[in-house]
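Below you'll find the structure, written out as structure tokens, and then a few comments.
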Amino acid sequence: MNKLLKNINPEDLKKLMVDHGFQAYRVDQIFSYIYKKRIRDFQEMLLLPREIRDFLDKEFELEVFQSNTIRRSEDGSVKFLFKLRDNLSIESVYIPADNESDDDNSRKTLCVSTMAGCPVNCSFCATATLGYKRNLDTAEIIEQVLKSEEILNLKFSNIVFMGMGEPFLNIENVNSAINILSNQTYDLINSKKITLSTIGIPDRIIKYADSPNPVKIAVSLHATTNGQRAMIIPLAKSHSLTKLFDSLEYFYQKTHLPITYEYIVFDDFNNTELDAKRLAKFCSRFPSKVNLIPFNDISFTNPKPKEVELKAASKEKIEEFAALLRQYGAKVFIRDTFGKDIEAACGQLALSSEKLLK
Ligand code: SAH
């Protein structure tokens, strides 16, 4: 199988081209054909001499996925199932503007995966039931955006790394993908419109804060004490909230990018007045806001029995909790759920449509 060209960074390709007697500037033309003009066949890169086109054809492949299947929801969201070259599958979800809570009605978001499966094993997340398969490579991350735009024939305004997987456990490939996606020459996406969503791994957050062009981060908090968090997020046993907030404060000081906390409201578990008080206090440390998320059902994945039984809070209960948070001074939004009818809502990505490919 030929190497995927979208996995090669421009510098490495330049070296390779020069080694083969071609001029380095050709790489800019190639990249522009791929990412700006969206060409999927080397022979269509007509500005390149035939020898270069043949060389690329012999060495590289442009098509990243074997196939794709799409499911459309009644609410306008779309779930993509992409089959990778090693037969694993991943999902991406397109979410149209949410008129109620978005300041911008033209918002078109793609939710992108960073792994096939996930090793973090959060008890509320459907992806956890798949176990961990592997990290996605750079090409597989970028291609979710290119392919979905191509299929839907539109341009995304926002990209969120909130699909399958934990971005900070695959940060190198995620970063190379972001570098291409936000490269202004290709006019794909503005880096300010990209969000990395993480379970919160303090040392990785600090390292990321020190990296050249970090993007915004959202943290899946879901609890306000260490004990409570460890019950639903096994990784929290080794990363205390103190360490997490220290790393986030460092991130804010280095980048001046405000933090978003994602908080699934579980009834009778994390929605007491004391939780609201503690959560609001976290928010007062540096500029940040809370996105309250309704708990989406994952029973279709037959998850194993849990340490605590998690129940979705009703709309009214979520609003009550939001009001408490506001009372204590936090900035709060309630996230609308999209794609429930096609198992594409937050935490529901578990390849229920995989059978369609077989
Ligand atoms: N690993 C990353 C990104 C994937 S999860 C992270 O942890 O942030 C994307 C978002 O969906 C997270 O906020 C996650 O906590 C949330 N989520 C997971 N399962 C969910 C469920 N069943 N209902 C609602 N939100 C869920």
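Read-outs: derived from the displayed coordinates by stated rules, not from any lab. Here the structure is a predicted model, which is why all the values come from computation and not from measurement. Positions of Cβ are backbone-derived with ideal geometry, glycine not excepted, and every protein chain shown enters the neighbour counts.
Here are a few things to note about the model shown:
- Taking Cα atoms only, the orientation of helix 315-327 departs from the longest principal axis of the chain by about 80 degrees.
- Separation of the alpha carbons by more than 29 angstrom is noted, of Lys36/Lys79; Lys79/Lys133; Lys155/Lys317; Lys147/Lys317; Lys108/Lys331, for Lys155/Lys317; Lys147/Lys317.
- Relative contact order for the stretch 233-358: 27 percent, from Cα pairs under 8 Å spaced at least 6 residues apart, divided by residue count.
- The stretch 64-88 and the stretch 104-178 have Cα centres separated by 12 Å.
- Using a Förster distance of 30 Å, the FRET efficiency for Lys108-Ile39 (Cβ separation, nearest 0.05): 0.80
- Ignoring aspartates and glutamates fewer than eight residues from Lys58 along the same chain, the ones with Cα atoms less than 14 angstrom from its Cα are Asp41.
- Pair-distance profile P(r), taking every C-alpha pair of the stretch 47-162, with 5 angstrom steps and integer %: 2, 10, 18, 19, 17, 14, 10, 5, 3, 2, 1
- Between the beta carbons of Ala97 and Lys315, assuming R0 = 22 Å, the FRET efficiency works out to 0.60 to the nearest 0.05.
- Local electrostatic count at Val290 - Lys and Arg +1, Asp and Glu -1, tallied over other residues with Cβ under 9 Å: +1
- Alpha-carbon Debye profile of the stretch 198-241, log10 I(q)/I(0) at 0.32 Å⁻¹: -1.16
- For Arg134, residues with placed amide H under 5 Å, excluding near neighbours: Ala116
- Crossing angle, helix 171-181 versus the chain [Cα axis fit, 0-90 degrees, rounded to tens]: 60
- Summing charges over neighbours of Thr260, with a neighbour being any other residue whose Cβ is under 12 Å away from its Cβ, gives +3 when K and R count +1 and D and E count -1.
- Taking only the C-alpha atoms of the stretch 1-71, Rg followed by Dmax gives 12.5, 46 Å.
- Fully extending the segment from Glu11 to Glu74, taken as 0.36 nm per residue of separation minus the present Cα-Cα distance, adds 18.2 nm.
- Contact order relative to length of the stretch 82-189, as percent, for alpha carbon pairs under 8 angstrom and 6 or more apart: 29
- Summed side-chain charge close to Asp341 - residues other than Asp341 whose Cβ falls under 12 Å, Lys, Arg +1, Asp, Glu -1: 0
- Computed over the stretch 141-216, Kirkwood Rh from alpha-carbon pairs, angstrom: 13.0
- Chymotrypsin sites (Phe, Trp or Tyr not before Pro) within the stretch 1-63, DSSP loop, no more than 14 other Cβ atoms inside 10 Å: Tyr25
- Relative contact order computed over the chain (Cα-Cα under 8 Å; 6+ residues apart), in percent: 15
- Using the rule -39500 (n - 2.57) for each DSSP H run of four or more residues, divided by the residues of the chain, the 222 nm mean residue ellipticity is -9000 deg cm²/dmol.
- Full-extension gain in nm, Glu63 to Asn87, via 0.36 nm per residue minus C-alpha separation: 7.2 nm
- The chain - charge dipole about Cα centre, Lys and Arg +1 at Cβ, Asp and Glu -1, debye rounded to 20: 380
- Coil-residue trypsin sites (Lys or Arg not before Pro) of the stretch 118-167, DSSP, other Cβ within 10 Å capped at 16: Lys155
- Computed E for Ser284/Lys254 - FRET, C-beta separation, R0 22 angstrom, nearest 0.05: 0.65
- The length gained on full extension between Thr225 and Asn213, counted as 0.36 nm times the residue separation minus their Cα-Cα distance, comes to 1.2 nm.
- In degrees, nearest ten, helix 10-19 long axis to first principal axis of the chain (Cα): 20
- Cys with no candidate disulfide partner in the chain (beta-carbon separation under 4.7 Å rule): Cys111, Cys118, Cys283, Cys346
- Structure remark: mean-square fluctuation, Gaussian network model of the chain, C-alpha springs under 10 Å; the largest value among Glu140, Glu11, Glu309 belongs to Glu11.
- The calculated Kirkwood hydrodynamic radius for the chain is 21.4 Å, given to one decimal from all distinct C-alpha pairs.
- Cross-link reach is defined here as a Cα-Cα straight distance under 12 Å, omitting same-chain residues fewer than 8 places apart; for Lys311 the aspartates and glutamates meeting it are Asp267, Asp268, Asp297.
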